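**Student:** Quick one: structure below, then a few questions.
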Amino acid sequence: MPAHDHRNPTPTRAHHTASAPTRRRKLKPPCGPLRAFSFGGGWQSTAALVLAAQGRLDFQLFLFANVGDDSEYPATLRYIREHAAPFAQAHGIELRELFRIRRDGTVETLYGRLMREGSRSIPIPIRMSNGAPGTRSCTADFKIRVIGRWLKAHGASKDNPATIGIGISLDEIHRANKRRTEPYERIVYPLLDLHIRRADCPQIIRSANLPLPPKSACWFCPFRRLEYWKTLRRDDPELFQRACHLEDTINTRRRMLDRDPVWLTRYNAPLAEVVPNETPLPIDDTDATCDGGWCFT
């Protein structure tokens, strides 16, 4: 029903006074011309890139919000720069890398914020003593707002919202609509429309002669599974030690504030003890990920 039927005469002021006010139906503003896909560098968003190159997805702009070269998993950055970006360029697709910029024009990274001298902020979902993740702001600060700032700078607004594609697949449909949509955007899930599951993504990626990307997330993300930490300790011991140092730095500050320790895993113990060199790891069937689909896609 339209908000007002123009076949009837305009109601008089007396009519409005005598009867209950009519609640006008709030119409959504039309979607603006700007269309962009949030690119995380994992299976789903890489598959979406291939589908766009094949003409099966209507996206010619992919936005990668880099939380920092010192924060993103190094293998993810290598994959994007050595494989995804050249593939996009070869197919006339723009894959743009964005960063969080401070007011003074310098780049702020997530790892830099965590390690800043005197910082009391823990923006990552650090594990509390009961194993539950704490409150986090990393996705909002370093993904959502970074992309949002770019969109608004390029014309997205409440009256002219941009369409933003998120790479959530059919088997992860519970991750869709996990956050409030901002006024300047309209979020869509094109992989759901195509009934694509995560298991379908490797075939799609290989069909473009691309290697499979690693699972995308920060190398110190507390949502990482124990198998990841075991592999990291074996294959990249220097990066594993940096994670241990990060955990210890956070807890040193918490001890000074007389607060309970926190951890990068849900096992209520230091990372080096949870992931020893040779002892078999406990079974971990959980797959906790960032709900909104901005990471791990």
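**Student:** Tell me, how many Å apart are the Cα centres for segment 41-108 and for segment 128-167?
**Tutor:** 15
**Student:** Mind ranking 109-119, 77-87, 136-146 by how tightly packed they are, going by the mean number of other C-beta atoms within 10 angstrom, highest first? Numbers along the way, then the final one.
**Tutor:** On the way: 109-119: 15.5, 77-87: 17.8, 136-146: 19.5.
Top of the packing list down: 136-146, 77-87, 109-119.
**Student:** Take the eigenvalues of the Cα gyration tensor for segment 193-283, scale each by 5, and report the square roots as semi-axes in whole Å, largest first.
**Tutor:** The equivalent ellipsoid of segment 193-283 has semi-axes of 33, 16, 13 Å.
**Student:** Per residue and in cubic angstrom, what volume does the convex hull of the Cα atoms of segment 36-123 have?
**Tutor:** Spelled out: Cα convex hull of segment 36-123, divided by residues, is 108 Å³.
**Student:** Using packing as a proxy for protection, rank 229-236, 264-271, 251-258 so that the peptide with the highest average count of other Cβ atoms within 10 Å comes first. List each step's numbers first, then the result.
**Tutor:** Details: 229-236: 16.1, 264-271: 18.1, 251-258: 11.4.
Top of the packing list down: 264-271, 229-236, 251-258.
**Student:** To the nearest 20 debye, what charge dipole does segment 35-106 have about its Cα centre, counting +1 at the Cβ of each Lys and Arg and -1 at the Cβ of each Asp and Glu? Kindly include the intermediate steps, with their values, before the conclusion.
**Tutor:** Values: 8 positive and 8 negative charges, 34 e Å.
For segment 35-106, the charge dipole is close to 160 debye.
**Student:** Need the list of aspartates and glutamates near LYS143 for cross-linking: C-alpha distance under 15 angstrom, and skip anything on the same chain fewer than eight residues off.
**Tutor:** Excluding near neighbours in sequence, the set is ASP69, GLU72, GLU97, GLU108, GLU182, GLU185, ASP291.
**Student:** If you take the C-alpha gyration tensor of segment 173-235, multiply each eigenvalue by 5 and take the square root, what semi-axes do you get, largest first, in whole Å?
**Tutor:** 27, 21, 11
**Student:** Could you sort 100-108, 185-193 so that the peptide with the highest average Cβ count within 10 Å comes first and the rest follow in order?
**Tutor:** Numbers: 100-108: 10.8, 185-193: 19.0.
Highest mean packing first, the order is 185-193, 100-108.
FYI, it's all coordinate maths here, none of it is from the lab. Just so it is clear, the model here is predicted, and its values are computed rather than measured. Methodologically, a virtual Cβ is constructed for each residue, glycine included, from the backbone with ideal geometry; neighbour enumeration extends over all protein chains shown.
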